[in-house]
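Chemist: Once you've had a glance at the structure underneath, I'll fire off some questions.
The values are calculated or read from the model by the stated rules, or taken from the named source; none is laboratory data. As the structure is a computational prediction, the values presented were derived from the model and not from experiment. Here the Cβ is made from the backbone with ideal geometry for all residues, glycine too, and neighbour counts use every protein chain on show.
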Amino acid sequence: MAAVISARYGKDNVRVYKVERDQATGTQTVTEMTVCVLLEGAIETSYTKADNSVVVATDSMKNTVYIKAKENPVTPPELFASILGTHFVQKYPHITTANIKIVTHRWTRMTIDGKPHPHSFFRDGAYTRNVEARIHKSQGIDIRSAIVGLEVLKSTGSQFHGFVRDEYTTLPEVWDRILSTSVDAGWSWKTFSGLDAVKAAIPKFDKAWEDAKTITLKTFAEENSPSVQNTMFKMCQYILEAAPEVETVDYSLPNRHYFEIDLSWHKGTKNTGADAEVYAPQSGPNGLIQVTVARSQLSSKL
Ligand SMILES: O=c1[nH]c(=O)c2[nH]c(=O)[nH]c2[nH]1
């Protein structure tokens, strides 16, 4: 006998663009996002017995995303994810949980001749503002907000020494190195009791995003980093301090390596150690360092 242990289904890669037109000023504001909806509930018979009577078509989910985007604000994304998820669990009695993921792409207003342009935007980076919300019919709303793909590099102010040295070690200790990564940082909010609680928290979402980004960049830039591990822990601590409603902060940081190149074969050219100027960026393998930090040791799972 085989049994379904867990199941969810829905529509991924629903691309949505919304414009808001301020008639009084003529200013337009745009939001572009990619949405994923995955529903859970009493749907196992659709898998085991070909019972489509429990299936809300994924095509209908896509339509619902468009309609809800028309009827409601789409920012902050934490709010729109909660509105969308709450709709699915309230509308369909057999759906118990909606998982909504929103990736918001960057369209930053252009400044032309020193003035913000009313309707022109540019992509000032590939990084995105992501939200993953789990909306339960009766147990509230869990939200994780995130920065994904923020590429950073510092050309000095990073070290790595004192690590395990044994018969597998070739890496030299360094007191000055290049540090580069693509930041994935997430912060998980205390469970919201429902949509009204999310609405009451609206101003906190944009502030947390701005704080998390500023803290990430400032800590990365200013700290003489002893390791990726220690630097990311500090970032987590500062975000927890800045956002009291956040329960945990997590980072996932690939360590992008830049190798020195020995050019002494060419006329004795000095390009290593203190003379290193030309490096070879590596595409892989790369380190990958991850952490989740809570407010106290008690709530950590270590
Ligand atoms: O900051 C670092 N952490 C490591 O765990 C590690 N391992 C490594 O080879 N280089 C680095 N750098």
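Chemist: Would you call V198 more than 15 Å from the chain's Cα centre (by Cα), surrounded by 15 or more Cβ atoms within 10 Å (Cβ to Cβ) and of a type outside the set (K, R)?
Modeler: yes
Chemist: Within the bounds of segment 147-165, is there any residue that is out of contact with any strand residue (DSSP E or B) (no Cβ under 8 Å at 6 or more places or on another chain), free of Cβ contacts under 8 Å to residues at least 12 places away in the same chain and within 19 Å of L39 (Cβ to Cβ)?
Modeler: Checked against the condition, which is being out of contact with any strand residue (DSSP E or B) (no Cβ under 8 Å at 6 or more places or on another chain), free of Cβ contacts under 8 Å to residues at least 12 places away in the same chain and within 19 Å of L39 (Cβ to Cβ), segment 147-165 yields no hits at all.
Chemist: Determine which single condition I261 fails, assuming it passes every other condition in (1) more than 16 Å from the ligand (Cβ to nearest atom); (2) under 26 Å from R134 (Cβ atoms); (3) of a type outside the set (K, R); (4) surrounded by fewer than 19 Cβ atoms within 10 Å (Cβ to Cβ).
Modeler: (2)
Chemist: Related question: Output the residue which, of all residues in segment 181-195 that are of a type in the set (S, T, N, Q) and surrounded by fewer than 21 Cβ atoms within 10 Å (Cβ to Cβ), is nearest to the ligand (Cβ to nearest atom).
Modeler: Result: S182.
Chemist: Can you tell me how many residues in segment 211-221 are more than 13 Å from the ligand (Cβ to nearest atom) and touching a residue at least 24 places away in the same chain (Cβ under 8 Å)?
Modeler: Summing the residues that are more than 13 Å from the ligand (Cβ to nearest atom) and touching a residue at least 24 places away in the same chain (Cβ under 8 Å) in segment 211-221 gives 7.
Chemist: Considering only residues of segment 7-28 that are in contact (Cβ under 8 Å) with a residue 12 or more places away in the chain and among the polar types (S, T, N, Q), which is nearest to S46 (Cα to Cα)?
Modeler: N13
Chemist: Moving on to the next point. Out of all the residues in segment 277-290, is one or more more than 16 Å from the ligand (Cβ to nearest atom), loosely packed, with under 15 Cβ neighbours inside 10 Å, at pLDDT below 95 and not in a helix (DSSP H, G or I)?
Modeler: There is no residue in segment 277-290 that is more than 16 Å from the ligand (Cβ to nearest atom), loosely packed, with under 15 Cβ neighbours inside 10 Å, at pLDDT below 95 and not in a helix (DSSP H, G or I).
Chemist: Right, next: Restricting to helices (runs of 4 or more DSSP H) lying wholly in segment 1-117: which have 2 or more residues that are under 23 Å from the mean Cα position of the chain (by Cα)?
Modeler: 58-71, 77-91
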